[in-house]
Amino acid sequence: MSGILVVAEIEGGALRPEFWELVTVAQQLGGDFQVALAAADPGNGAGEAATAGGQVHLVQDPQLADPWPEAHAEAVALVAAAVDPQVVLVPRTVLGSEVAVRLAVRLQAALLTDVTAVERSGAGLVATRPVFGGAVSSTVTAAQGPFVVVPRPHAFAAAPPGEAGAESVTHALSFAQPPRTRLGVRTPAADTGAPDIEKARVLVAGGAGLGGPEPFALLGEVAAVLDGAVAASRMACDAGWVPTSLQVGLTGKTVAPDLYLAVGISGATHHLAGCASAQVIAVINSDKTAPFFKLANYGVVGDWKDVLPALLDTLKARAAG
């Protein structure tokens, strides 16, 4: 047992960006790594994954068209049986999180989730992960492998693609035992037309301090001038002001934009856990004691009704100039 297996996930015929963060983790852990790619239609994903520098093991089957965890876990387990890795790196996506748990059971492996740092220690691994909503970090030691590691999104920089790699190795999907679950009715994801907040380089986020859904239109204007997207706190989403797809935080999405502008958000630990990796954080809040100011690079204490329109006018003037 040696080496590392990086699990790649396909979305819309292309690799999800978390793959390149997993490659960085694999490089930091050292040793050769290989890639497991399971999909009904990998598109250009196999060729793209090969540029990471590892041999790609492709499992292509119609049963992998839907995000059915048992089928995808079976596909990755099939590759793991062939390459016998010591470490399996899985992306922390909705599907990846489900696959990681099943894979750890099948491989009888130690499971390390939401990892923000990891290194080898003798025959084991030492990992750092946030606890209590990101208020503190804990150090976890897994003394004996194999290991299934699920890094926290954006905790590691994305590795750059390299040269074109070798031809992929194909595997045929077959269940070792009859599936215990089957995917029932498939509900297509609603297309709201809104940008993906996990990919946006600028986010303008609103919270309970906005008082209702109407001010989010103003946030949208600011985001548009900055070529960004609108995001929100859990309280704003729970109130029904905006879709839950815009939620940032421990129970929402983890983001790492170049700029995170928080308006009317206090900065509770469960929200900070989702945006702390932003390159620059700016805060507008009328409460000077708001926890968000401790993390912010820039802060304005004031009523958003006064500050935000003035900011928008300034941005428009600069854009026009």
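Enter the Cα centre distance for the pair the stretch 202-228 and the stretch 83-153, rounded to the nearest angstrom.
Between the Cα centre of the stretch 202-228 and that of the stretch 83-153, the gap is 36 Å.
Just subtract the alpha-carbon distance of Ala164 and Arg106 from 0.36 nm times their residue separation and send over the number in nm, one decimal. Spell out each step's value before the answer.
Numbers: separation 58, 0.36 × 58 = 20.88 nm, distance 3.25 nm.
Full-extension gain reported as 17.6 nm.
Kindly identify the stretch 96-142 as rounded, prolate or oblate by the Cα gyration tensor criterion: order the square roots of the eigenvalues as a ≥ b ≥ c, call it rounded if a/c is under 1.5, otherwise compare a/b with b/c, prolate if a/b is larger, else oblate.
Here the stretch 96-142 falls in the oblate category.
At a 1.4 Å probe radius, which order do Lys316, Lys288, Lys253, Lys199 fall into by accessible area, largest first?
Ranked from most to least accessible, the order is Lys288, Lys199, Lys316, Lys253.
Residue by residue, what Karplus-based ³J(HN,Hα) values in Hz, rounded to whole numbers, does the stretch 109-119 have, using 6.51, -1.76 and 1.60 with θ = phi - 60° and x for Gly and Pro?
Once θ is set to phi - 60°, the couplings for the stretch 109-119 become 10, 6, 10, 10, 10, 6, 7, 9, 7, 8, 8 Hz.
Set the Förster radius R0 to 22 Å, insert the Cβ-Cβ distance between Lys294 and Thr139 as r into 1/(1 + (r/R0)^6), and round the FRET efficiency to 0.05. Working shown, then result.
Working: r = 23 Å, r/R0 = 1.06.
Using R0 = 22 Å, I get an efficiency of 0.40.
What's the longest piece of the chain with no exposed GluC sites (Glu not before Pro), counting a site as exposed if DSSP puts it in a loop and it has at most 12 other beta carbons within 10 Å?
Here the longest run is 1-162.
List every residue whose amide H lies under 5 Å from the amide H of Val88, counting only residues 5 or more places away in sequence or on a different chain, with H placed 1.01 Å from N in the peptide plane.
Leu5, Phe147, Val148, Val149
Can you figure out the FRET efficiency of Val126 with Ala82, using R₀ = 25 Å and their beta-carbon distance, to the nearest 0.05?
Here the calculated transfer efficiency is 0.30.
Once phi is turned into θ = phi - 60°, what whole-Hz ³J(HN,Hα) does the Karplus curve with 6.51, -1.76 and 1.60 give for every residue of the stretch 83-90, x standing for Gly and Pro?
Each residue of the stretch 83-90 in turn: 9, 6, x, 7, 10, 10, 9, 10 Hz.
Using 1/(1 + (r/R0)^6) with R0 = 35 angstrom and r between the beta carbons of Asp303 and Thr251, what's the FRET efficiency to the nearest 0.05?
It comes to 0.80.
Taking square-rooted eigenvalues a ≥ b ≥ c of the alpha carbon gyration tensor, is the stretch 204-321 rounded, prolate or oblate, where a/c under 1.5 means rounded and, failing that, a/b exceeding b/c means prolate?
Taking the square roots of the gyration eigenvalues as a ≥ b ≥ c, the stretch 204-321 is rounded.
Counting only residues 5 or more places away or on other chains, whose amide H sits under 5 Å from the amide H of Ile281 once H atoms are built in the peptide plane?
Excluding prolines and chain starts, which carry no amide H, the hits are Tyr260, Asn297, Tyr298.
To the nearest 10 degrees, how steep is helix 216-225 against the longest Cα principal axis of the chain, on a 0 to 90 scale?
Tilt relative to the chain: about 80 degrees.
Ignoring ligands, DNA and RNA, how do Trp304, Trp241 rank by accessible area with a 1.4 Å probe, largest first?
Sorted by accessible area, descending: Trp241, Trp304.
To the nearest 10 degrees, how steep is helix 304-320 against the longest Cα principal axis of the chain, on a 0 to 90 scale?
With rounding to tens, the tilt is 80 degrees.
Short version: ³J(HN,Hα) in whole Hz for each residue of the stretch 198-206, in order, from phi by Karplus 6.51 cos²θ - 1.76 cosθ + 1.60 (θ = phi - 60°), x for Gly and Pro, what are they?
6, 9, 5, 8, 10, 10, 10, 10, x
Which entry in (i) 18.1; (ii) 16.8; (iii) 22.8 is this structure's computed mean projected area of the Cα convex hull in nm²?
Structure-derived value, by its label: (i).
The values are calculated or read from the model by the stated rules, or taken from the named source; none is laboratory data. Everything numeric here is computed off the predicted structure, so don't read it as measured data. Ideal geometry is used to build each Cβ from the backbone, glycine not excepted, and the neighbour counts take in all protein chains shown. Surface areas here come from the heavy atoms of the whole protein model, side chains and all, with no ligands, DNA or RNA. Shrake-Rupley method; radii C 1.70, N 1.55, O 1.52, S 1.80 Å.
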